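Notes to accompany the following structure.
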């Protein structure tokens, strides 16, 4: 491989194969057609092209891609980013044309690279004046409204400061660039393109005449702190826009897991019946924030409208409210007056703290949740009427109860959720938290179900509430209802991996092993590099009695995490299985637990009561279950439906624990999971 340079070379633009790449703008072209590429992938491609022919070590990539160390799992993040870039370029790791893996060292760009001169840029032309949309009242259909907006090519730019709002026009052609940078968080799964074609058995009902079905894609983010704020701002915008009359927001999570070219986005818009999509970009320079949005039609991604806002970080709450009003004006589906955002705040600093809190809470570590709680407390201290901040604080306490001080955090979750509902009874998040507290803290399934059904009623298209409800229903043995809720969740957010993890849980309890295995494989399609995908697949195979395959998946999971102790354990387990079958493998697990095997990474694989029961050691299993009840461990709530306890279904001591928890064994009883010697 040789690198070629033109005589008037100016660094920053490169050509290789059928591609050209502008490192300054991050624009990638394939045969002169734009290809969506996220900011992180753009940085990676820049580094590889600048040093084409040379090895770039993983340590160097870590420093270049995350100079502030903000990403915690750099190994997995580098693997994912490289795989995403390979997928975008159409490269194969085993027969690479572009990115070569150098084992234990790093990566090398192996194609011929030509450095190109900087193109001559034409001055921008004058912008046409904006024209308002007329004649769209409550009787107009969504499709008619969108068609009229498209015909008028209405595009308005809004510049905001703390004291005045000035509107300026922006032509549609200029706004199209927004969508080309959106891939920053769309390419989470390299194999997600194959997922687009899944046929959903349960889909949302067709759009009603006066309803616009809308999706908001993850934002492109540039500048310090932009990545941190962009996703929490997007989620808050989803809450905000969902309050618009005749607008339904869908796919809060799925739009981060779709193929990031136009065809992929059109496919998911068709699958989800989305009439319109909102693309966005957040750029932060110092204290100044520029937010640029484009509203496009879902069927063909044709431009409908553009918005641009400039403000300080303290002005993001105003931007959020202004965008809500502008979308309302553009769609014009009702004559009702638009109210202010319910449950929110007009205090700039309180809103900034709220966004910081949402970002920290999303990482779900002890440190990040502690940071989230501090920001939520700061937000509510500045604005005691900020209901959404109290609901977020309740959710953070509920998450923290998974790690420490269970009783303290469950109590705080209940108090903050209750206060949020006093301020705004329409907050679905607060009802969802109360459902979680009722189930995990009080072991009160009926109360938990009531709260979750309230959340579903308030936000019927929010998949997470259907999923949480399914988890409650399955532990009560109501399998058909639980599977129905899972199907609804997947219909509204079909490319969210977590929903397939929950489907694995529900199908395992319902003994629908075929669907369980299919769900695990879908999860792996969405997140092929995830150790959790291997774990789910292993449990699905284990439930079918396919023990050798399950052990192989657990070993592969350990290899991906470089967990030598777990690899050795699975090797011992396989040898034991070959000698004495599935029970011998279970005894290997039991021996490891009794000797203090570290289980921090995957504690769900090492619940002693399960393995004692599977191995036929009933006395030990019953003792462990009683201890779990005393310790108030939430895992014990699965006791009546967990296949690992099938061998205990006729033990009076086990049945007494089940009754004590308020459950019954589903009827008819199912055959034991254990299949010795297979």
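Condition check ((1) farther than 22 Å from residue 505 by Cβ; (2) within 24 Å of the chain's Cα centre (by Cα)) across all residues:
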| site | (1), (2) |
| --- | --- |
| 568 | yes, no |
| 596 | yes, no |
| 602 | no, yes |
| 614 | no, no |
- The condition of being within 26 Å of residue 666 (Cβ to Cβ), crowded, with 23+ Cβ neighbours inside 10 Å and in contact with a helix residue (DSSP H, G or I) (Cβ under 6 Å, 6 or more places away or on another chain) holds, among 430, 467, only for 467
- Within the stretch 573-587, is even one residue free of Cβ contacts under 8 Å to residues at least 12 places away in the same chain, closer than 28 Å to residue 442 by Cβ and out of contact with any strand residue (DSSP E or B) (no Cβ under 6 Å at 6 or more places or on another chain)? no
- Query: Residues in the stretch 623-635: is at least one in contact (Cβ under 8 Å) with a residue 40 or more places away in the chain and under 30 Å from residue 437 (Cβ atoms)?
  - Reply: yes
- Query: Which of the helices (runs of 4 or more DSSP H) contained wholly in the stretch 384-471 include at least 2 residues that are without any contact (Cβ under 8 Å) to a residue 24 or more places away in the chain?
  - Reply: 406-423, 445-458
- Item | Candidate set from the stretch 472-509 (those that are in contact (Cβ under 8 Å) with a residue 60 or more places away in the chain and outside any helix (DSSP H, G or I)); member that is nearest to residue 443 (Cα to Cα) | 476
- Meets criteria (in contact (Cβ under 8 Å) with a residue 60 or more places away in the chain and not assigned by TED's automatic domain parsing to the domain that holds residue 269) for residue 512: no
- Subset of the stretch 626-648 (residues that are exposed (fewer than 15 other Cβ atoms within 10 Å of the Cβ) and not in a helix (DSSP H, G or I)): 631, 632
- Message: If a residue counts only when it is closer than 29 Å to residue 563 by Cβ and modelled with pLDDT of 85 or more, which helices (runs of 4 or more DSSP H) contained entirely in the stretch 1-114 have at least 3 such residues?
- Response: 58-65
- Note on the structure: A careful count of residues in the stretch 616-658 that are over 19 Å from residue 508 (Cβ atoms) and more than 37 Å from the chain's Cα centre (by Cα) gives 13
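The values are calculated or read from the model by the stated rules, or taken from the named source; none is laboratory data. Quick caveat, the model's predicted, so the values are computed rather than measured. Virtual Cβ from ideal backbone geometry, glycine too; neighbours counted across all protein chains shown.
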